[in-house]
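Read-outs: derived from the displayed coordinates by stated rules, not from any lab. Note that the coordinates shown come from a computational prediction; the quantities given were computed from them, not determined experimentally. We place every Cβ from the backbone using ideal geometry, glycine too, and count neighbours over all the protein chains shown.
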Amino acid sequence: MPRKTSWASVNDQLTRYLFIGCAVLVSLVILSILWFVGQQGLATFRHVTPLEFFTSSRWNPDRGQYGILTFIAGSIGTTFIAIVLGAPLGLAGAVFMGKIAPSSLRSLLRPVTELFAGIPSVVYGYVGIVVFVKIIRKTTGSATGFGLLAAGLVLAVMILPTIISISEDTLRALPDSYEEASMALGATRWQTIWRVLLPAAKPGILTAVILAMARAIGETMAVQMVIGNSPLFPHSLVTPTSTLTSDIVMEMGNTPYGSTWNDALFMMSVVLLLISLALIILVRLGIQKGEAK
């Protein structure tokens, strides 16, 4: 018996060290990426002032102009449109699948939702060009139809699987006693969903929305295909502009390594990392706040 206990203790220790080693390795990889990208990006400020870099909308590397305000505005604008359009639709789909649809229909809809999550970005971009851009051009009188609105519509469709799946799992994980108690007090099904279940599932729904924001702000290919890829500040929803990700993809292969232009693109990557980090922190704060209540 003591021998078996000793072997069990050794196995527990080995497993513990294995998990610690994996955690340390992942942390080192992340820190290495941050160090490499950050070191290269900070080299931009040897030739460009931070004030000009972050507050100027003039991007013309041939003339030594490196202002990324246009790309920041484009990234934030497309993400905002995607969340405004996609979050209500995704939440409505989650409520339908989690609390209204019969089990037979739910078993059909869940694989369909997962299939949407696996569609390549280039397919969404192609649909955006063929459908959204054409509709925007005809209805608004825009010369091209490319711009924030087209990119936001494509992203709104792309983030639906994330919002639906996470929100539905959160709603289905709530105790049945919540719904039973509300119905016993005379509330209707819609009153129960609106006043009891959705507030109780708020931390999970918030997590779904913020993760969808992270997906939207980091999307590249689909946005690049429908936004117009022009380094012009977006004065309207239907004028061509660009985002951080789309401009990095378009220009990174054409810049000499170590040049100010190349360093500026690395700094744009740092900005994206910082935005993603801020979204992750918001997720954790939202979950903690929900648990505290």
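Which helices count as membrane-span-like in the chain under these terms: full DSSP H, at least 18 Å along the axis by C-alpha, Kyte-Doolittle mean of 1.0 or more?
Within the chain the helices that satisfy the rule are 69-95, 148-173, 202-218, 260-292.
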For the range 72-251: relative contact order, % (alpha-carbon pairs under 8 angstrom, 6 or more apart) = 36 percent
Give the peptides 150-159, 255-264, 42-51 in descending order of average Cβ contacts within 10 Å, highest first.
-> 150-159, 255-264, 42-51
So, by mean Cβ neighbours within 10 angstrom, what's the order for 110-121, 86-97, 24-35 with the highest one leading?
-> 86-97, 110-121, 24-35
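Largest first and in whole Å, give the semi-axes of the chain's equivalent ellipsoid, each being the square root of 5 times a Cα gyration tensor eigenvalue.
Equivalent ellipsoid of the chain: 39, 31, 17 Å, largest first.
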Can you pull the one-decimal nm distance between simple spin-label points at residue 255 and residue 221, each 7 Å off the Cα toward Cβ?
-> 2.3 nm
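With a Förster radius of 25 Å, plug the Cβ-Cβ distance of residue 121 and residue 54 into 1/(1 + (r/R0)^6) and report the FRET value to the nearest 0.05.
0.35
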Global form of the range 2-46, assessed from the alpha-carbon gyration tensor, a/c cut-off 1.5 = prolate
For labels at residue 33 and residue 180 in the simple 7 Å Cα→Cβ model, what's the distance in nm?
-> 4.5 nm
Could the peptides 141-149, 162-170, 12-20 be put in order, highest first, of the mean number of other beta-carbon atoms found within 10 Å of their residues?
-> 162-170, 141-149, 12-20
Within the under-15-Å Cβ sphere about residue 120, not counting residue 120, Lys/Arg +1 and Asp/Glu -1 give a net charge of -1
What residues from the range 68-93 fall in the zone where the backbone N is under 19 Å from a label point 7 Å along the Cα-to-C-beta line of residue 106?
-> 90-93
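When a/c is below 1.5 the answer is rounded, else prolate if a/b is larger than b/c, else oblate, so apply that to the range 14-163 with a ≥ b ≥ c taken from the square roots of the Cα gyration tensor eigenvalues.
Note, shape of the range 14-163 comes out oblate.
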Roughly how many whole Å is it from the C-alpha centroid of the range 43-98 to that of the range 214-271?
-> 9 Å
Sorted by chain and then number, the residues having a modelled amide H within less than 5 Å of the amide H of residue 59, at least 5 places away or on another chain, are 67
Let me know the charge dipole size of the chain about its Cα centre in debye, to the nearest 20, where only the beta-carbon of Lys, Arg (+1) and Asp, Glu (-1) is charged.
-> 460 debye
Restricting to lysine pairs 8 or more places apart or on different chains, what number in the chain have Cα atoms under 28 Å apart?
-> 5
